[in-house]
Amino acid sequence: MGSTIALENIAKAYNGTPVIAGLDVTFADGEFIAILGPSGCGKSTLLNMIAGLERVSSGRILIGGEAVQDKAPKDRGCAMVFQNYALYPHMTVRDNIGYALKVAGVAKPERERRVAEAARVVELGDYLDRRPAALSGGQRQRVAIARAIVREPKVLLFDEPLSNLDAKLRHGMRMELSQLHRRIGATSIFVTHDQVEAMTLADRVMLLKDGQIAQFDTPQALYHRPASTFVAEFIGAPPMNLLSVSGDGRTLRLADGTAIADHPHQGPVTLGIRPEKIVTGGGRLKARVLYREDMGSHASLVVALENGQRLEIASPFGASITDADEICLHLPTDHLHLFDPQSGLRI
Ligand SMILES: Nc1ncnc2c1ncn2[C@@H]1O[C@H](COP(=O)(O)OP(=O)(O)OP(=O)(O)O)[C@@H](O)[C@H]1O
Ligand SMILES: [Mg+2]
């Protein structure tokens, strides 16, 4: 059973207002899970309940098969890394990493061995005598991670640990976290509102909306088979294009009659297509280019159809972008996503 984490119908309400509504999920031993979702959807609340920093209103939390929802945080075998990872400024890196062990009364030789090992894992072995003020943001973040792993936790919990770092450092830290997870193998839960972090780090991504699971699956499944328009728009940058269309069994058309794509659907439907799946040139759908962005390696276009409907188009890496003002588009049937116009759920 190792360090599986099972959430059994857990719910949380603050003063009668539900924040998390009856979640039922299991994370496998050693799995890397990302909890993703917009601000206020309940990510931190969920993580804090697992850590024991918040009580559940109802339900059970099992870690390695043992019910822990009534246990103190220190008895759950979890270690947590926060966004604001306040290090002790007057202590060296060595003392910051070893502090929790010292408080727990771990003998000095054992403490030194574990601090050296944790520092080695996060590649800070040469920095043990420095104070936090003499470290970069990324190095400080690694001290915070070392401080968590030095306790040899079964479960590692991260709440937006990279959001204070600049874009380049974040990229480097993503790679380091991924390698770290492979080395230590602790079941890890990583809260973020950054889809790139979630998609690149996690084995599975739990996308939350208003305290409920919008979709919980592999990053590929979220991208290629979004369960709803919410998921379709949340995952992907630029997001999936969504159009209100109606089908006659052969062709999907906009309200003004413009034929958008071939598809056997009948009746009104919300049509989705990823920006990189729209084919430019050779199609019958006329569009006017409103805006273009060329990033060198790839490019994107914002275009308007004749009735004013806008679409975003992304060119694949390496492909050059047209400089024409009028283009013709084709929306391949194989790459269309259909959603119920009322519920937004995938059809
Ligand atoms: N102690 C509290 N008392 C009352 N309401 C709270 C409390 N803590 C959180 N909430 C509410 O619960 C909801 C979820 O909060 P939570 O902090 O879990 O969101 P989040 O997904 O982590 O958001 P963010 O991305 O902004 O960190 C929010 O509406 C928040 O206002
Ligand atoms: Mg939060």
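The values are calculated or read from the model by the stated rules, or taken from the named source; none is laboratory data. Predicted, not measured: the structure shown is a model, and the values here were computed from it. When we count neighbours, we look across all protein chains shown, and the Cβ atoms used for this are built from the backbone with ideal geometry, even at glycine. Calculation scope for accessible area: heavy atoms of the full protein, side chains included, ligands and nucleic acids excluded. Shrake-Rupley method; radii C 1.70, N 1.55, O 1.52, S 1.80 Å.
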Tell me the helices (runs of 4 or more DSSP H) entirely within segment 184-258 that contain at least 2 residues that are of a type outside the set (D, E, K, R) and within 16 Å of ligand 1 (Cβ to nearest atom).
195-201, 229-234
Residue check for residue 54: of a type in the set (Asp, Glu) and within 13 Å of ligand 1 (Cβ to nearest atom)
yes
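Residues checked against (1) within 26 Å of the chain's Cα centre (by Cα); (2) part of a helix (DSSP H, G or I); (3) crowded, with 20+ Cβ neighbours inside 10 Å:
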| site | (1), (2), (3) |
| --- | --- |
| 46 | yes, yes, yes |
| 55 | yes, no, no |
| 60 | yes, no, no |
| 74 | no, yes, no |
| 79 | yes, no, yes |
| 86 | yes, no, no |
| 90 | no, no, no |
| 95 | no, yes, no |
| 99 | no, yes, no |
How do the pairs read when you match residues in segment 89-104 that are under 18 Å from residue 137 (Cβ atoms) with residues anywhere that are hydroxyl-bearing (Ser, Thr, Tyr), using Cβ under 6 Å and keeping only pairs 6 or more apart or on different chains?
93/127; 96/88
Enumerate the pairs (first residue in segment 317-341 and part of a strand (DSSP E or B); second residue anywhere and modelled with pLDDT of 95 or more and among the polar types (S, T, N, Q)) with beta-carbon separation below 6 Å, excluding pairs fewer than 6 apart on the same chain, so at least 6 apart or on different chains.
339/229; 339/270
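For segment 19-37, which residues satisfy the criterion of being outside any loop (DSSP other than H, G, I, E, B) and away from ligand 1 (no atom under 16 Å from the Cβ)? If you could, list the steps in order and put the result at the bottom.
Restricting attention to segment 19-37, the residues satisfying the condition of being outside any loop (DSSP other than H, G, I, E, B) are 19-27, 32-36.
Within segment 19-37, 24, 25, 26, 27, 32 qualify.
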Within segment 128-161, restricting to residues that are open to solvent by 60 Å² or more (accessible area, probe 1.4 Å) and more than 27 Å from the chain's Cα centre (by Cα), the one that is farthest from ligand 2 (Cβ to nearest atom) is 129
In the set 40, 16, which member is surrounded by fewer than 16 Cβ atoms within 10 Å (Cβ to Cβ), at positive phi and near ligand 1 (Cβ under 9 Å from one of its atoms)?
40
Does residue 280 satisfy being polar (S, T, N, Q), in contact with a strand residue (DSSP E or B) (Cβ under 6 Å, 6 or more places away or on another chain) and at pLDDT below 95?
yes
Considering segment 175-206, residues that are at pLDDT below 90 and open to solvent by less than 40 Å² (accessible area, probe 1.4 Å), and then whichever is nearest to ligand 2 (Cβ to nearest atom), we arrive at 177
Of the candidates 123, 112, the one satisfying the condition of being on the phi > 0 side of the Ramachandran plot, touching a residue at least 12 places away in the same chain (Cβ under 8 Å) and open to solvent by 50 Å² or more (accessible area, probe 1.4 Å) is 123
